[in-house]
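Heads up: the structure comes next, in structure tokens.
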Amino acid sequence: MERVEQNLSLYYIFHCVAEAGNISRAAKQLYISQPAVSKSIQNLEQNLGVVLFIRNSRGVKLTEEGALLYEYTATAFDTLRKAEESIRQIHALGIGHLRIGASSTLCKYLLLPYLDGFVRENPHIKITIENQSSSHTMKLLEDNRLDIGLIAKPASEAYQFYSLGEIEDIFVASKAYLDHLSERITSEDIFSHANLMLLDEENVSRQYIEEYFKKNSIEPKHILEVSSMDLLIEFAKTSLGVACVIKEFVKKELEEGTLLQIPLKIPINKREVGFSYLKNAFLSHSMQKFMNYISGGNS
């Protein structure tokens, strides 16, 4: 490998001479003197220990070894030309790949509206979505397996964060379920009597609610773990219990009265969500386009 690196410029000069069939013609193409070209060919022949050209009155002719070397240099330089052309096309057409991580909930309610317009404007950018929890998304960002994640605002200063706004965790149930609990049950002790439906323990939203319970000495008696926000909403609508959901994602149900928000004596603090990536990460052309798109207020 070391010898190849030392001979790289010599290989190109050799290639040009082989194509031109004449040292003086190759010198003009390379914008260097004829003696410099001759010296480079001699150096390459000495390095390889073979004769590459036979000189004659009309120019030069490849030896058997020279013809073999030319086959490889022709392939190598043709590959490089194709690579340059591909790079030009990537920039001209906006070709690229963007890897995004988001939980199923944030993906459906926040990410997809952004992607809809972005994909229409950038049809040549391939989008890969990793449907993971926020904590796992952050791990993938650290491992450079994702370009950007849609997550709750991270505490670490290692992340660049672009906020999409705040979300509010609330508890909801159908009127039928609340009536079933009995009129004597108040919002203060509803957690002791209701069938409480929460996301699984690995979910960041669940962990946030557990902190709320701990801080306010709330000890739920009956917990049903559900895998997604959509199922929580549907289970609550079918009167299976009280569900902890994100208010912004059940606006329609609250307006229609399909679900009722349970008032809390101590409200749950709102959380900030948005797009995040490591500050020291390399921003690809596709990533830069995506950040320009979302910062431009498109959604």
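With respect to the conditions (1) in contact (Cβ under 8 Å) with a residue 40 or more places away in the chain; (2) farther than 30 Å from residue 284 by Cα, residue 77 lacks only one, and its number is (2). Residue 84 meets all of the listed conditions (1) among the acidic types (Asp, Glu); (2) surrounded by 12 or more Cβ atoms within 10 Å (Cβ to Cβ); (3) closer than 30 Å to residue 144 by Cα but one, namely (2). Would you pick out the residues in the stretch 39-79 that are surrounded by 15 or more Cβ atoms within 10 Å (Cβ to Cβ), closer than 16 Å to residue 8 by Cα and among the small types (Gly, Ala, Ser)? The answer is 40, 66.
Sort out which residues of the stretch 45-62 are free of Cβ contacts under 8 Å to residues at least 40 places away in the same chain and in contact with a strand residue (DSSP E or B) (Cβ under 6 Å, 6 or more places away or on another chain), and write them in order of number. 53, 54, listed by residue number.
Checking the structure you have, find out if any residue of the stretch 42-61 is at positive phi and within 48 Å of the chain's Cα centre (by Cα). No: zero hits.
Since every read-out is calculated from the coordinates, none of them should be taken as a lab result. Because the structure is predicted, anything quoted here is derived from the model rather than measured. For neighbour counting, all protein chains shown are included, and Cβ atoms are generated from backbone atoms with ideal geometry for every residue, glycine included.
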